[in-house]
1. For Ala70, what charge total do you get from the other residues with a beta carbon under 14 Å from its beta carbon, if Lys and Arg give +1 and Asp and Glu give -1?
2. Please work out how much length the chain gains when fully extended from Val173 to Arg50, using 0.36 nm per residue of separation minus the C-alpha to C-alpha distance, in nm with one decimal.
3. By counting other Cβ atoms within 10 Å of each Cβ, how are Trp246, Trp82 ranked from fewest to most?
4. If you add up the charges near Gly228, with Lys and Arg at +1 and Asp and Glu at -1, over every other residue whose beta carbon is less than 13 angstrom from its beta carbon, what do you get?
5. Which percent of the Cα-Cα distances in region 141-250 go past 19 Å?
6. Let me see the pair-distance distribution of region 71-121: every alpha carbon pair, 10 Å bin width, integer percents in order.
7. Could you give the nm distance between label points at Ser231 and Glu135, where each point is 7 Å from its Cα heading toward the beta carbon?
8. Taking neighbour counts of Cβ atoms within 10 Å as a proxy for exposure, in what order, fewest first, do Thr250, Thr240, Thr113 appear?
Amino acid sequence: MTSLEHAQSALVHLIWGDGMADAAREAALIQAGMAPVGRHGVLRGFSAYREHAKALSVRVLSAAFPRLEAVLGPNDFSGLAWAFARRHPPGCGDLNVWGAELPVFLASLPGMTDDLPALAQLDWALQACGLDADERPAGDLADQLRVGDDEPVRLSMHLRRFHLPLVAWPAAVVGGAPEWGECHPDALVWREHGRPCWAGLPRSWAAWLDDLAYGMALGAALRRQAMGCSSFDARCALQTALARGWIVGTGPALESGAR
């Protein structure tokens, strides 16, 4: 770490962190040239930086976690955002990528139920997916699949799947209804036409995507689910996966967030 990076890291800890006495903050801020000389001036300067950091954390995390904020309300969300910021301050200048640890942080709080961390996970999956670069499926993908459906396929790197408890669905759909109206415990996030989308997945569809992610040939995966679940519509599943961009190519499966 360079001396500049060390100074920046120390300043982040001064402003965002806890557990430092005023005298220590005073000396460190004067040394860094971030506050006027004189005890009262230093503490006023530090207080201003601190209040700005708090307001910034609330504003940034509010944009990234709209469903969570809607459930908690502005006051409780503000307290959560500042508590999270002090534990996990921004690591770089791009604040759009800050907040990935919030679902786990929320789940670790005493007495926390399953719905709020799940909402936070959905919010962050959509935020992260919105920042992803576009991915272009193979131009002749449909023809490739018709010729050889007994080979593995490549799933989109944008896919993110996770458990969304049914109790969390009413709050989840307030921030934007899913592509399909039915509530299922598995949620899928993907990127389509440059924007993040999400929906609940039937269990058979989730299992089918798992089979594909682990390298099972397309035809074998479709037949397996059709044999194991009478409601699984192989044609509909494949058409949806192609239309939504879940399948982007043929060949060995790559690591995917759909797992």
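1. Working: positive: Arg67; negative: Glu69, Asp76, Asp115, Asp123.
So the surrounding residues net to -3.
2. Stretched out fully, the Val173 to Arg50 stretch lengthens by 40.8 nm.
3. Ascending Cβ contact count within 10 Å gives the list Trp82, Trp246.
4. +1
5. Values: 2642 of 5995 pairs.
The share of Cα pairs beyond 19 Å in region 141-250 comes to 44 percent.
6. 23, 58, 18, 1
7. Placing both labels 7 Å along Cα→Cβ, they lie 2.8 nm apart.
8. Values: Thr250 20, Thr240 16, Thr113 11.
Listed from fewest to most nearby Cβ atoms, that is Thr113, Thr240, Thr250.
Taken together, the values in this text are just the output of simple stated rules run on the coordinates, not laboratory data. Keep in mind it's a predicted model, so treat the numbers as computed, not measured. Backbone-built Cβ (ideal geometry, glycine too); neighbour counts: all protein chains shown.
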